[in-house]
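One structure is given here, and the rest of the page talks about it.
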Number of protein chains: 2
Amino acid sequence: MTSAAFDVLGIGNAIVDILSHTDDAFLSQHGLIKGSMMLIDEERAETLYAVTGPGVEVSGGSCGNTMAGIASFGGTGAYIGKVRNDQLGEVFRHDLKATGVSFETASATSGPATARCLILVTPDGQRTMNTYLGACTGLGPVDIDTKVVGAARVTYVEGYLWDAPEAKKAVLKAFDAAHQAGRLVSITLSDSFCVHRYREEFRDLIRNRVDILFGNEAEIKALYEVETFEEAMEATRKEAKIAALTRSEKGSIVIKGSETYAVAAAPVAKVVDTTGAGDLYASGFLFGYTHGKPLAECARLGGIAAAEIISHIGARPEQALRGLV
Amino acid sequence: MTSAAFDVLGIGNAIVDILSHTDDAFLSQHGLIKGSMMLIDEERAETLYAVTGPGVEVSGGSCGNTMAGIASFGGTGAYIGKVRNDQLGEVFRHDLKATGVSFETASATSGPATARCLILVTPDGQRTMNTYLGACTGLGPVDIDTKVVGAARVTYVEGYLWDAPEAKKAVLKAFDAAHQAGRLVSITLSDSFCVHRYREEFRDLIRNRVDILFGNEAEIKALYEVETFEEAMEATRKEAKIAALTRSEKGSIVIKGSETYAVAAAPVAKVVDTTGAGDLYASGFLFGYTHGKPLAECARLGGIAAAEIISHIGARPEQALRGLV
């Protein structure tokens, strides 16, 4: 690949996670769907927080987690996302920059507070996410520095950004800039409910603009409205250039034209909290890809990163991923 | 004991901890003394935070941790402490109230931000604390609700409060109110550097007003300016009514007049982070004491709580302490 200042530029919703342990009864009592991400407004965020147990705050955001993973592998990264100039915004900025990722997007100086995601972790390690987007809705095309886009081998974005209309425009601007600079673009489907909300736009992008697609089994089935993973694989093969599809304990499948690579999941002693599994898989895959590794090796690196992240609470690596390879 | 709405009222510095892993080289490079608590101003807080790795935010404050422990044992508690009406202040208030502790002190609506403690955890599990007191300096006598003091069997305060002159006045007001209501007062020495700063005031209080004293080996030796723990014990016996002295892996010693109770430490598989060990010891002891347990049993409960807290990152219990007894 041609030289680049950054392996990956990530664009995402800049969110601080509030992690709290709960049980299944709490989820059903409050109408929450286990394993999914629901968008909530400020009032609902406050109501739900008030009835939630003590928490731990840690920087998150799907793409932020991926970028922290890239840095943890020893890769170079930049991030574009919007926080407010408040305490949680400072925490988010500090934590991402402390991993070594470049993060120069200006903070909002007015408007809603930095985004928070109330993540309820059940005893089975599943996480149920309730996101107040707050300042993320202020991300727009003006925040896209096309020089940074052109300096990154891959521009990677989250499907979640479609929930903020101006952020979607920012993504499309970045995709154009990346391709004009001869770079690649990549997207994760983020969440099956997110796929339901934006199915046609995502399919159009995958057919026409996306170079590397990430999704899990539920998301890819939702995208193509099929019942089985096998059907989803065949639909993906027809529409996506390269797709990396994760299947939890069944590992992952990489599809590129007629090629298919199945890679087993890395072993995990105990699943503590699945938050960030997909985000970290993407970090390993993209680190490998931007370092010229074959697709099966990219998938293996993704699996190693995912295994690390589900072994503890929180969605940012606790161990240097470069040490686990 | 006469009936009371609360087992314990705690008065303390209301602080959100920022926990980050580091190594010994970082500590010496930045002039930090391992295991101690240093007060820092806002500028130093920002400078130090900027060079620190990614962190996790969790409600802390020595006395706040103790009160969370009381609640975790199934006890009733109230807390008095000062946060600002900012995001970290909301986090602190939420987390303490979510444990079941009553916390009605008004937030500051102007002035410095909610206090933060940058806690650097080294691979040996030791913690080095850097506290920006912020809004805590706004705690004063007006915040002491004497009805709440009178409704608590024990009013427990941290020596750290002496670092905020108005907070010290608040404590003395609370001590008067407690004794007028026929209740007990208790203090922890907090930190050996804190003892050096306020030795004479602490000794005067212990001789004349304190019913239950908490301290660790370094603190009690600093208080009486002696070389050995045995000398410190004898000095304590002469001056304190009841003293519970902790000695890390050597367990704890309770002294009451001519009586001495030595209780072994509870077993710990692996010491991960010693933050909060003394705070949680106090919670177990005071829970036992306010439930009429003999002193040795109070010390045993303290040891169980301390063992739980040093087994994981953070200074608030992850397991319900009532389940460990």
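Taking the stated definitions as given, is B:Gly134 surrounded by 24 or more Cβ atoms within 10 Å (Cβ to Cβ), touching a Ser or Thr at 6+ places or on another chain (Cβ under 9 Å), within 14 Å of another protein chain (Cβ to nearest Cβ) and at positive phi? Against the criterion (surrounded by 24 or more Cβ atoms within 10 Å (Cβ to Cβ), touching a Ser or Thr at 6+ places or on another chain (Cβ under 9 Å), within 14 Å of another protein chain (Cβ to nearest Cβ) and at positive phi), B:Gly134 qualifies. When the stretch B:3-30 is filtered for residues that are part of a strand (DSSP E or B) and among the aromatic types (Phe, Trp, Tyr), only B:Phe6 remains. For A:Ala264, are the conditions met, namely being modelled with pLDDT of 95 or more and touching a strand residue (DSSP E or B) at 6+ places or on another chain (Cβ under 6 Å)? Answer is no for this residue. Scoring B:Ala167 on the criteria (1) modelled with pLDDT under 95; (2) buried (at least 23 other Cβ atoms within 10 Å of the Cβ) leaves a single failure, condition (1).
Within the stretch A:92-115, being buried (at least 24 other Cβ atoms within 10 Å of the Cβ), within 26 Å of A:Glu43 (Cα to Cα) and either away from chain B (no Cβ under 14 Å) or out of contact with any Ser or Thr (no Cβ under 6 Å at 6 or more places or on another chain) (or both) holds for A:Thr114, A:Ala115. Applying the condition of being in contact (Cβ under 8 Å) with a residue 40 or more places away in the chain and surrounded by fewer than 19 Cβ atoms within 10 Å (Cβ to Cβ) to the stretch B:1-19 and asking which residue is farthest from the other protein chains (Cβ to nearest Cβ) yields B:Thr2. Select from the stretch B:36-69 the residues that are over 30 Å from B:Ala320 (Cα atoms), of a type outside the set (Val, Ile, Thr), assigned to a loop (DSSP other than H, G, I, E, B) and more than 14 Å from chain A (Cβ to nearest Cβ) and list them in ascending order. Passing the criteria: only B:Asp41.
If the condition is being under 23 Å from B:Ile313 (Cα atoms) and among the polar types (S, T, N, Q), then the stretch A:31-64 contributes A:Thr52, A:Ser59. Of the set (1) assigned to a loop (DSSP other than H, G, I, E, B); (2) within 14 Å of another protein chain (Cβ to nearest Cβ); (3) hydrophobic (A, V, I, L, M, F, W, C), all apply to A:Ile33 but (2).
Quick grid of which residues meet (1) in contact with a Ser or Thr (Cβ under 8 Å, 6 or more places away or on another chain); (2) surrounded by fewer than 24 Cβ atoms within 10 Å (Cβ to Cβ):
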position	(1), (2)
A:Ala265	yes, yes
A:Val272	yes, yes
A:Thr275	no, no
A:Leu280	yes, no
A:Ser283	yes, no
A:Tyr289	no, no
A:Lys293	no, yes
A:Leu301	no, no
A:Ala306	yes, no
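Note on the stretch B:77-91: among residues that are more than 13 Å from every other protein chain (Cβ to nearest Cβ) and assigned to a loop (DSSP other than H, G, I, E, B), the one that is farthest from B:Pro317 (Cα to Cα) is B:Lys82. Taking every residue in the stretch A:301-325 that is under 10 Å from A:Phe73 (Cβ atoms) and pairing it with any residue that is among the charged types (D, E, K, R) and outside any helix (DSSP H, G or I), at least 6 positions away or on another chain, the pairs with Cβ-Cβ distances below 9 Å are A:Leu301/A:Lys293.
In the stretch B:242-257, the residues that are touching a residue at least 60 places away in the same chain (Cβ under 8 Å) reach residues that are surrounded by 18 or more Cβ atoms within 10 Å (Cβ to Cβ) and in a strand (DSSP E or B) with C-beta atoms within less than 7 angstrom, at least six apart or across chains, in these pairs: B:Thr246/B:Asn216; B:Thr246/B:Ser252. Checking B:Ile119 against (1) under 24 Å from B:Val171 (Cα atoms); (2) within 14 Å of chain A (Cβ to nearest Cβ), only one condition comes out false. Which one? B:Ile119 satisfies every listed condition except (1). When residues in the stretch B:179-200 are screened for being free of Cβ contacts under 8 Å to residues at least 60 places away in the same chain and either buried (at least 22 other Cβ atoms within 10 Å of the Cβ) or within 16 Å of B:Asp7 (Cα to Cα) (or both), 7 of them pass.
Taken as a whole, the structure places B:Tyr289 among residues that are within 16 Å of B:Gly75 (Cβ to Cβ), in contact with a strand residue (DSSP E or B) (Cβ under 8 Å, 6 or more places away or on another chain) and either outside any helix (DSSP H, G or I) or aromatic (Phe, Trp, Tyr) (or both). For B:Ala25, the criteria (1) within 14 Å of chain A (Cβ to nearest Cβ); (2) over 14 Å from B:Thr131 (Cβ atoms) hold in every case but one, which is (1).
The values are calculated or read from the model by the stated rules, or taken from the named source; none is laboratory data. Predicted model, so just to flag it, every value in this text is computed and none were measured. We place every Cβ from the backbone using ideal geometry, glycine too, and count neighbours over all the protein chains shown.
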